[in-house]
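Please treat every number below as a calculation from the coordinates, not as lab data. Worth saying up front: this structure is predicted, and the values here are computed from it rather than measured. No Cβ is skipped: glycine too gets one built from the backbone with ideal geometry, and neighbour counts run over all protein chains shown.
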Amino acid sequence: MAKRPAKHSHRPKAPPRDDHPAVPSYWVVRGLVAVAMAVSLYLLSVSWSGGALAGCGPESSCHKVLTSRWAYWFGVPVSLAALLAYGGILLGTFGVTTNAPVARRKAARALLSVLAITVGGSALWFVGLQFFVLRSVCPYCMAAHGCGLVAAAILLFQTPDPLPSKKLRPSERPRQAQIWRHFAMGLGCVVVLIGGQIMHKPKTGAIAQLSNRGVTTTTGLPTNGSKTVASPTTPRTISLHDGQIELNLDELPVIGSSHAPHAMVSLFDYTCHHCREMHKMLLQAHAAFSNQLAIVCLPMPLDANCNPAIKRTVDAHLNACEYARLGLAVWRADRTAFTRFDSWLFDHPSVPSLLQTRQYAEQLVGREPLQRALADDWVNRQIERDVALYQMNHQKTRNSIMPQILVGSRIGFGSLSSVEDLFQLLETEFRLKRGG
């Protein structure tokens, strides 16, 4: 029986596809960058509006991250750049579909490769800043960075443009050079981001205008431009927010003389890192302006245990209420010891333990006097007044950054860029002359 001849297919060979066989699930990438875009958009809106993030109170970890210099690039929130990068990835994933023209697929692959390097490198930079520089973590930022890193990893290792290999055929070398160009472009974007942030140092504080009256006296002593000095027996009272809050300087901790012709108010927290910087500036200002200036020191704890404005106490401000109570108790027990206690607590590179602080307070004023002062209800009432002033400042200015200083008709938030800024503010509001 004769064998039947083998059938040969005359179907033409399909041309080689431009797609890599390991095409990722772009729906996963789209989902990840969509989440990252939503978070970035929220962060950007809060940054531009000057509001507060949900669940992030003053001096919380996320507040510390988002008010740091690393949250901006030449004054522009980095969340804007992140939003654009994630948006570019989202658009790029729609350009690599199999039914798209070859030219469009190649352009989309190039865009995805560059943006994957940019997003991945930037995410690693910001995560490193939070853990090793700021030592504070923003959950919102980490959510965006996490989604960005996973999306970048998928794109880099599964897209048609994988990271280049050393073993390539001569015909593939032009493609290798192209891939390296994409890698260099993405890395260049990361370098520009990091370099710009290192070179540019934005202001860490802000100054807002209050009413025309601002900080004024109610004893007939002017606070702007006069060198009149009150009698030591005359009670000194200053009025804040057009008389809504009044402070008797004879009853409050003061750096300098309570009867100095000019008085400013400092709201601070002993556990606040920016307050440490401001404290040094205040001491320099007092030294520069000699007896012309009284600095009223009001501890304002960023601790939910005694501050209803704080919804959740972050780890950095645990026991802030107790530190404030100890400071006020030292003043109550021995006014001459307050400056030493205040400087000792602020001069430490980190906040001393509560036990160490109490032991030092007892060393300054004695154990029994300190216990009596702590039992005095005046201490708790004064903290309530300080919190009320903090809440009113926020109500008037929509700003809750600490520390806060009230000088004449202006209020300063956060740590000023330099002590010269504080000098200029005092000279403008009080017409003070250094060494006068």
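Based on the Stokes-Einstein relation at 10 °C and a viscosity of 1.306 mPa s, and on the Kirkwood radius from alpha carbon pairs, the range 205-430 is assigned a translational diffusion coefficient of 90 µm²/s. Rounded to 0.05, the FRET efficiency of the Ala287 and Ala54 pair, given R0 = 35 Å and the Cβ-Cβ distance, is 0.25. Compute the separation of the alpha-carbon centres of the range 56-125 and the range 382-436 and state it in Å as a whole number. Cα centroid of the range 56-125 versus Cα centroid of the range 382-436: 38 Å apart. Looking at the range 57-118, the chymotrypsin sites (Phe, Trp or Tyr not before Pro) that sit in a DSSP loop and have at most 14 other Cβ atoms within 10 Å of their own Cβ are Phe74, Phe94. Straight-line cross-link reach from Lys106 at under 17 Å between alpha-carbon atoms covers these aspartates and glutamates, not counting any fewer than eight positions away in the same chain: Asp18, Asp19, Asp161, Glu172. Past the 23 Å Cα-Cα mark, which pairs from Lys64/Lys433; Lys64/Lys280; Lys280/Lys311; Lys201/Lys396; Lys64/Lys311? Pairs exceeding 23 Å: Lys64/Lys433; Lys280/Lys311; Lys201/Lys396. So the label point goes 7 Å from the Cα of Trp378 along Cα→C-beta, right? Which residues of the range 250-266 then have their backbone N under 14 Å from it? Inside the label zone: 250-254.
Treating r as the C-beta distance of Arg367 and Asn99 and R0 as 56 Å, the FRET efficiency rounds to 0.10. The slack between Arg135 and Val76, meaning 0.36 nm per residue of separation minus the straight C-alpha distance, is 19.0 nm.
In plain terms, the chain from Tyr42 to Ala153 could stretch by 37.5 nm, reckoned as 0.36 nm per residue minus the Cα-Cα distance.
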